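Trainee: Dropping the structure in here first, questions after.
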Amino acid sequence: MQYKSQAVAKPYFIAAIGLFVAQILFGLILGLQYVIGDFLFPHIPFNVARMVHTNALIVWLLMGFMGGAYYMIPEEAETELFSPKLALAMFWIFLVAAALTVAGYLLVPYSTLAAMTGNDILETMGREFLEQPLITKVGIVIVALAFLFNISMTVLKGKKTSISLVLLLGLWGLAVFFLFSFYNPVNVVLDKFFWWWTVHLWVEGVWELILGAFLAFVLIKTTGVDREVIEKWLYVIVTLTLITGIIGTGHHYYWIGTPEYWQWWGSIFSALEPIPFFAMTVFAFNMVNRRRREHPNKAAVLWALGTGVMAFLGAGIWGFLHTLAPVNYYTHGTQITAAHGHMAFYGAYVMVNLTIISYAMPILRGRAANSNKSQVMEMWSFWLMTIAIVFITLFLTAAGILQVWLQRASDTPLPFMVAQDKIALFYWMREWTGVVFLIGLLVYVASFFVGGREEKAA
Amino acid sequence: MSGAFTKSMARNIFYGGTVFFFLLFLALSFDTHSQLPKRDMRQNITPQIAEGKKLWETNDCVGCHTLMGEGAYFAPELGNVVARYGDEGVKAFIKARPKEGIPGRRSMPQFNFTDAQLDALVAFLKHVNSVNDANWPPNIQG
């Protein structure tokens, strides 16, 4: 570790992995509820388990982003972090707030939680992914601002690289677009319109800048390719991301009361959204092929390559599958959407976080790379989780196609639940594949505890 | 990428392209806002509908259902549910949910809504159904 203050990244990474495990356990509960409808009912209804599943995901990805930034920025800026103490304080605030929020979801009915936490002052709850109580949302803003202050001050007093600038732009964008989660007009069309300014402009906009910056950083470190080349690629990728992704928001404006011209804008621009992901894949493989050194951390390189490929498949191809308006008319809000969501989040944001964690954690623990034994385990977990998510996606896609066929495209459309019963086989297969994913995740966690002492110190 | 295309060119295209497309997005959003009053039926929004929306949110209905296709895919689309079952049908369904669920089946919780609350929810759902959403969903089953 070049700078002492990079050490604050460690608790962020550990908490991120802990929340990842929680996310997957609740995912398995949800998957089982799809086929055994009354599983854990009425103690943990589906919507409660889903909030824990999606909110744990969002929080652990944010934890990973923050940890990654705290690790990267001192090295990029070539100076110690502005305030490691502030970073640690924010970590505990964020972790405690997340734990209290999850406890709130699980222990009291959601409407009671809303009444207890000041939802009457400003109604922001009960919208997908933004279910957090008002006080949690305010807490997220405080943590994000303190984090951004800390990171920005570090860059300002140090060297300003292109990677830092792209990362900062992504992180500031993340904070700014989160502010739309406080805007919840009574007009449901306006509500939905601006809800996407947080949700879409995060995952198909500014988060991709963070992704690109992390990937570029790890590739510079592991391949030794010239910074000029890598940063040029980074700019090209994030350009493609934003010129397709911003107007691409229109693919959410087909059927929510917004004017029909969005069907054209959304279809055309979001059809181009796979291009930046394809560029990312080409970028990662190109840099690794042109490497000037053999970095001992093979696992980190594998995660970096995997991010490119899986983000392209999940976000790019599976997104394109249902993004054109005439297709989306039939697939909107079906298991096709769920299939895309799972592989896109895993391929892009889960994998890029695991990339930076894989690269940074050994160094934070005082070695350039983990022992061979530990890396082999980590690579096993890579393949188990990645293959599992591919099959989860395929089974959900099959379920979705049948759902569309039975419930939407048919001359005699079946009621929702009748169609659901007919496709239960695919939900069972998804659930068993989810168990494989969990095994992969447990192998991943175990890899941190195996054979760490064999390698010499960094 | 060849040497003729430099990093600073890439950076300039990034900033220029981002600003241009963000402004275009703002322009389209502005135009959308001028058209929405004709489509979103805002003139019909009553305090009762607002109350219904609040109930929709504070019970996290979107955690299982979709509304105009957005939400979770565990339970039926509700944007057109009043057309599917009628006002009274919707209220009767919500009221009749067994507290302990139905063995083996996906079950909706018993929320113990008052009659006024049920009226508000139905008013909200009727309002959503009245929005001009380009003829979505494709059929009555949602």
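The values are calculated or read from the model by the stated rules, or taken from the named source; none is laboratory data. Since we're looking at a predicted model, the values are computed, not measured. Cβ: placed from backbone, ideal geometry, glycine included. Neighbour counts: every protein chain shown. Quick note on the areas: whole protein, heavy atoms, side chains included, nothing else; ligands and nucleic acids left out. Shrake-Rupley method; radii C 1.70, N 1.55, O 1.52, S 1.80 Å.
Trainee: So with the 1.4 Å probe, I'd like the accessible area per residue for chain A, rounded to whole Å².
Mentor: Value returned for chain A: 35 Å² of accessible area per residue.
Trainee: What residues have an amide H closer than 5 Å to that of B:Thr66, excluding those fewer than 5 places away on the same chain, when H is modeled at 1.01 Å from N in the peptide plane?
Mentor: Amide H neighbours of B:Thr66: B:Ala72, B:Ala75, B:Glu77, B:Leu78.
Trainee: From the Cα gyration tensor of the range B:42-142, with a ≥ b ≥ c the square roots of its eigenvalues, which class applies: rounded if a/c is under 1.5, or else prolate if a/b is larger than b/c, or else oblate?
Mentor: Numbers: a/c = 1.77, a/b = 1.23, b/c = 1.44.
In terms of gyration-tensor shape, oblate.
Trainee: Next question, about the same structure. List every residue whose amide H lies under 5 Å from the amide H of A:Leu414, counting only residues 5 or more places away in sequence or on a different chain, with H placed 1.01 Å from N in the peptide plane.
Mentor: Answer set, sorted by chain and number: A:Gln407.
Trainee: Suppose R0 equals 51 Å. What FRET efficiency, 1/(1 + (r/R0)^6) with r the Cβ-Cβ distance, do A:Leu88 and B:Thr46 give to the nearest 0.05? Intermediate values should be presented prior to the final figure.
Mentor: On the way: r = 50 Å, r/R0 = 0.99.
Calculated value: 0.50.
Trainee: Using Cα pairs closer than 8 Å and at least 6 residues apart in sequence, work out the relative contact order for chain A, in percent.
Mentor: 14
Trainee: Hey, can you find the accessible area per residue of chain B for me, probe 1.4 Å, expressed in square angstrom?
Mentor: Working: 6520 Å² over 142 residues.
Per-residue value: 46 Å².
Trainee: Given R₀ = 30 Å, FRET efficiency for B:Asn139-A:Glu260 by Cβ-Cβ distance, to 0.05?
Mentor: It comes to 0.95.
Trainee: Between 0 and 90 degrees, rounded to the nearest ten: what's the tilt of helix A:274-289 against the longest Cα principal axis of chain A?
Mentor: The two axes meet at around 30 degrees.
Trainee: If you plug each phi of the range A:221-229 into the Karplus form 6.51 cos²θ - 1.76 cosθ + 1.60 with θ = phi - 60°, what whole-Hz ³J(HN,Hα) values come out, in order, with x for Gly and Pro?
Mentor: For the range A:221-229, the Karplus curve yields 5, 8, 9, x, 5, 3, 4, 4, 5 Hz.
Trainee: Buried by at least 50 Å² relative to the chain on its own: which residues of the range B:33-78 qualify, computing accessible area with a 1.4 Å probe on protein heavy atoms?
Mentor: B:His33, B:Leu36, B:Arg39, B:Lys53, B:Lys54, B:Glu57, B:Thr58, B:Asp60, B:Met68, B:Glu70, B:Tyr73, B:Phe74
Trainee: In whole Hz, what ³J(HN,Hα) sequence does the range A:110-125 give by Karplus (6.51, -1.76, 1.60; θ = phi - 60°), x for Gly and Pro?
Mentor: Values per residue, Gly and Pro as x: 4, 5, 5, 4, 4, 5, 5, 10, x, 5, 6, 5, 9, 7, 10, 7 Hz.
Trainee: Further question: Based on the Cα gyration tensor of chain A, what are the three equivalent ellipsoid semi-axes, each the root of five times an eigenvalue, rounded to whole Å and given largest first?
Mentor: They are 34, 25, 24 Å, listed from largest to smallest.
Trainee: On C-alpha positions alone, give me the angle between the axis of helix A:46-77 and the longest principal axis of chain A, in degrees, nearest 10.
Mentor: 20
Trainee: Quick query: amide H of A:Arg367 versus all other amide H atoms, modeled in the peptide plane; which residues come in under 5 Å with a sequence gap of 5 or more or a different chain?
Mentor: The answer is A:Ala458.
Trainee: Counting protein heavy atoms only and a 1.4 angstrom probe, how many square angstrom of accessible surface do chains A and B bury in total, to the nearest 100?
Mentor: Chains A and B together bury roughly 7000 Å² of accessible area.
Trainee: For chain B, list the DSSP H helices whose alpha carbon atoms reach 20 Å or more along the long axis and whose average Kyte-Doolittle value is 0.0 or above?
Mentor: B:7-35, B:115-130
Trainee: I've got another one for you. If one takes the longest principal axis of the Cα atoms in chain A, at what angle in degrees, from 0 to 90 and to the nearest 10, does the Cα axis of helix A:351-364 lie?
Mentor: That works out to roughly 30 degrees.
Trainee: If you don't mind, there's one more thing I want to ask. Need the per-residue list for the range A:32-55: every residue with at least 20 Å² less accessible surface in the complex of protein chains than in the chain by itself, probe 1.4 Å, sorted by number.
Mentor: SASA drop of 20 Å² or more in the range A:32-55: A:Tyr34, A:Gly37, A:Asp38, A:Phe41, A:Pro42, A:Phe46, A:Asn47, A:Arg50.
Trainee: Could you state the principal axis extents of the C-alpha atoms in the range A:280-334, from the largest down, to the nearest angstrom?
Mentor: 50, 18, 7
Trainee: If the chain between A:Asp226 and A:Leu425 were fully stretched, how many nm would it gain, using 0.36 nm times the residue separation less the Cα-Cα distance? Spell out each step's value before the answer.
Mentor: On the way: separation 199, 0.36 × 199 = 71.64 nm, distance 5.08 nm.
Extra length available between A:Asp226 and A:Leu425 comes to 66.6 nm.
Trainee: Accessible area of B:Asp133, 1.4 Å probe, to the nearest 10 Å²?
Mentor: 20
Trainee: Would any residue of the range A:209-244 have its amide N under 19 Å from a label point 7 Å out along Cα→Cβ of A:Val176? List them or say none.
Mentor: So the set is A:209-213, A:235, A:238-244.
Trainee: What distance in nm lies between label points placed 7 Å from Cα along the C-beta direction at A:Arg365 and A:Glu80?
Mentor: So the two model labels end up 2.6 nm from each other.
Trainee: Something else: Which residues, if any, in the range A:112-132 lose at least 30 square angstrom of accessible heavy-atom surface (probe 1.4 Å) when the other protein chains sit next to their chain rather than the chain being alone?
Mentor: The answer is A:Glu123, A:Gly126, A:Glu128.
Trainee: Another question about this same structure. Taking all protein chains together and a probe of 1.4 Å, list B:Ser130, A:Ser152 from the most accessible to the least accessible.
Mentor: Of B:Ser130, A:Ser152, the descending order of accessible area is B:Ser130, A:Ser152.
Trainee: Sticking with this one: With a Förster radius of 25 Å, plug the Cβ-Cβ distance of A:Val108 and A:Met417 into 1/(1 + (r/R0)^6) and report the FRET value to the nearest 0.05.
Mentor: According to the calculation, E is roughly 0.30.
Trainee: Using a 1.4 Å probe and counting only protein heavy atoms, arrange A:Thr241, A:Thr412 so the residue with the most accessible area comes first.
Mentor: Ranking A:Thr241, A:Thr412 by accessible area, largest first, yields A:Thr412, A:Thr241.
Trainee: What's the center-to-center distance, using Cα atoms, between the range A:119-154 and the range B:80-94 in Å?
Mentor: So the separation of the two Cα centres works out to 36 Å.
Trainee: With a 1.4 Å probe and every protein chain kept in, tell me what percent of the accessible surface of chain A is carbon plus sulfur.
Mentor: 73
Trainee: Further question: Beyond a 32 Å Cα-Cα separation, which of these cross-linked pairs lie in this structure: A:Lys422/B:Lys95; A:Lys85/A:Lys373; A:Lys137/B:Lys126?
Mentor: A:Lys85/A:Lys373
Trainee: A further question on this structure: Apply the Karplus parameterisation 6.51 cos²θ - 1.76 cosθ + 1.60, with θ equal to phi minus 60°, to every residue of the range A:131-146 and state each ³J(HN,Hα) to the nearest whole Hz, in sequence, with x for glycine and proline.
Mentor: 6, 4, x, 3, 5, 5, 4, 4, x, 4, 5, 4, 4, 5, 5, 4
Trainee: For A:Lys159, go through the lysines and keep the ones whose alpha-carbon is under 19 Å away, minus same-chain ones fewer than eight residues off.
Mentor: A:Lys4, A:Lys221, A:Lys232, B:Lys7
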